[in-house]
1. Label points 7 Å out from Cα along the Cβ direction at A:L752 and A:K604: separation in nm?
2. Does a label point 7 Å from the Cα of A:R682, set along Cα-to-beta-carbon, have any residues of the range A:506-534 with amide nitrogen under 11 Å, and which are they?
3. Is there a simple number for the mean count of other chain Cβ atoms within 10 Å of the Cβ of residues in B:67-74, and what is it?
4. Which whole-Hz ³J(HN,Hα) couplings does the range B:14-28 yield from phi under the Karplus relation 6.51 cos²θ - 1.76 cosθ + 1.60, θ = phi - 60°, glycine and proline marked x?
5. Label-point separation (nm) for A:H265 and A:E551, each offset 7 Å from Cα along Cα-to-Cβ?
6. Helix A:620-632 versus the longest principal axis of chain A: what is the Cα-based angle in degrees, 0 to 90, to the nearest 10?
7. Pairing the Cα long axis of helix A:249-260 with the longest principal axis of chain A, what angle in degrees results, from 0 to 90 and rounded to the nearest 10?
8. HN-Hα J couplings of the range B:34-51 from phi, Karplus 6.51/-1.76/1.60, θ = phi - 60°, integer Hz, Gly and Pro as x?
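Coordinate-derived values only; no laboratory data. What you see is a predicted model, and the numbers here were worked out from it, not measured in a lab. Neighbour counts run over all protein chains shown; Cβ positions are idealised from the backbone, glycine included.
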Amino acid sequence: MEKGVPFPERIKIMLPPDPVPAGSESFTDSQTPQHAEGAPVVEAQAPVALAREEVARVSPPSPPTPNSPGMRRIAVTGNPNCGKSTLFNALTGLRQKVGNYPGVTVEKKEGSFFGSHGEPIQLLDLPGCYSLHARSPDEAVARDVLLGRQADTPRPDAVLAVLDATNLERNLYLLSQLLDLGLPVFLGLNMVDLAEEKGLAIDPLLLSDRLGIPVIPMVASKGVGLIALKQALSQATLPLPKKRPPFPAVLETEAHQLAQALPNHGAQLAEALLLLGMPPRQLAEMETLSPEFLQALDDARQRIQAAGLDPVSAAVDARYEWIGEIVTASVHRVGEPGLSISDRLDAVLTHRIWGWMAFLGAMTLMFFSIFTIAKLPADWITAGQQILGDYLQSVMAEGDFRSLIVDGVLAGVAGVLVFLPQILILTFFLGLLEDSGYMARAAFLMDRLMSKVGLHGKSFIPMLSSFACAIPGIMATRTIEQRKDRLVTILVAPLMSCSARLPVYTLLIAVLLPEVALWIKALIMLSMYVLGIVAAFLMAWLFKKTLLRSETPVLLMEMPPYRKPSLSGILMRMQERAAVFLKRAGTVILALSVLLWALSTYPKPENSNATGSERIAHSVAGHLGKALEPVIAPLGFDWKIGIGLIGSFAAREVFVSTMGIVYSVENSGGEPPVAALSQTMRSEKRGDGTPVYTPLTGTSLMVFYVLAMQCLSTLAIVRRETNSLRWPAFQFLYMTGLAYGAALLVFQGGRLLGWH
Amino acid sequence: MNQTTPTTLAELHIGAQAKIAGFTLAVEIQQRLMELGLTKGATCTLVRVAPMGDPIEVQVRGYHLSLRKSEAQGILIAPLAPASL
């Protein structure tokens, strides 16, 4: 290996501090200690820097580890925005699997790569966290996996900590906690190129020496340092950290003592330190601790207090003091920092006038793209459905089976697929906003407004996304840390008028006001959107005051520097989102579409020449519509509208085609032309000869559509994102109730005022 | 030492620097603020205020953090000692 090293980097690997386990003697053969001073720090593009008492080696010849029989498992951890996911993607490529941790909606990303000797190494991408003192479900999962307390996830064999070199000081805080875990820790010092641009010269060798762990400088987005990293992680024995932050003596003693009372799984010291520093209120929520242990913990805290220290902040202070010394020693400013590009951009993007303009511009662009670009593939899907449907009509024998395939299965598949373009495009834009760092600015601008209803600035983007489609909007709530705030956002997001309501509004406005000017139509349309927004904010406020009562979440949000987004990372996320949607929501939607088809097909009328409207009237759906009439009559709706409402349950835009069937305005299987349909609907009379579609009925119906939960796909995704049936059920009930109440108010109130 | 009345981070002017002197916040929030680098003695610069007057953005330990005025009011500050400038 020594000669003609195939790698661009010469590599040195740290020897384990512990006695080397039997079976790996071959690795200890070159015991010549080599002092770091002798080795050039900057060799090739990405050297592995090591602690001083190390031996230079070129990749060890033999494969897997003696201490773990199975595949080596490494947890990747780091602060948000440190480039952790970029590194994970760069290492694993497409060999990854996305799932969920059981019981929580925290994404579990696993992958694998081949080590230097061709052995597979498993990688677990932990959610980004700032500290092991968890403050969100994401951080709790990261902590529990590292401590070996996460039920379905075995404790990893080692930790790869990814640190943002441009923000070393704060990033080192989490690292200092990782050193207590009793696991080998590797430091992937990411974005060294950006640090250099920022005028920061980091000495990786010195850093490694001070921290007592291997440091691998890298630029994950460009693949720099990957080979060195892989080699470091492929060593036969992974070295344990040689250092820990020095704590005040009393804290250290108490932590060690407490650790002995904890179950022995290797992380007792880290756990003891976390428990000692845990704020009392959080400690009260820990149910697993025995009363004896809690007593011992309390005594320990009192002794710490007696020594003049605050148990909650003592460790934090000690860690930062240590970090400060390390940073002073290993990081040097070269040249004046000056005004960074980020600062200059922020001067505009968070400006009181330009900031709003840029924000509006970005949002307009996003929606414009969704409506225009997503429309194309959505039209192709509809066209493809029709071509395939026509083909099947022509080759299959007439009958129920053909109808099931064409009107049930095919329509269901198309109904699922038609959402994909929107989801993909929105995911793309959200990825751009997130990765570039703009998302934090949007939340910064909007936080004041959102905090008025008790929400976080971060709730704004999911709500905004829901104007296109509630599904990606609800998926975007994952960035919200507090569970209750996330739930509130999920519950109100579908009140924002999504693009599927657009055809319904268009049809109803055409029915109601065929002859008014375009701008009045636009105004009516706009008022429907405003109604949705007002309802969403009111309900959010109400939920925060009652059901999901909690204080307005504290905003502590990092404003990351602006960065160039990575296209491949965004494409990967799009692929993930699409897979999640198709797998989880798609199957449910398809099944229910078939059910809905059956409801509107059976039983069949005896007369085989019956028209579509006669057939649907005779079906279960027709009967349901009639059964529904007494309930919806106070809203001004008749049973035919009832059928439309039942059809809309699958998806709102189905209202238009259902109405087409009900009024026998059929157009060779496709969408009925709005003009013809609206004309037929306008001439529709009630029993007493008065028209069904008065402006009042129409308004009532539109208000109903603004507020009602009529989207199976959304319910399916809420079921997945909340991990329960309760929340989608509640959402369906409250929104339908709200819609009913509002429509009732409009219709009855309007009648009282003498309108019609 | 204590002649100057310590003001809070919420009262800092844009561009001004100060040292963190203490907290009057719930212990959970205090801990997280400290973990994010706002430890006692850390130097902090007010970078900007959001267009609607809240939240604010501060620079600490080489990065930018935004927080609301309600929290900033609970972060006590002391003027930087001339020597440390």
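1. Result: 5.0 nm between the two label points.
2. Residues passing the 11 Å test: A:510-516.
3. 3
4. With the stated coefficients, the range B:14-28 comes to 4, x, 7, 10, 7, 9, 6, 10, x, 9, 10, 10, 4, 4, 4 Hz.
5. 3.1
6. Between the helix axis and the principal axis of chain A, the angle is about 90 degrees.
7. Between the helix axis and the principal axis of chain A, the angle is about 70 degrees.
8. 5, 5, 7, x, 8, 7, 4, x, 5, 8, 9, 10, 7, 8, 7, 10, 4, x
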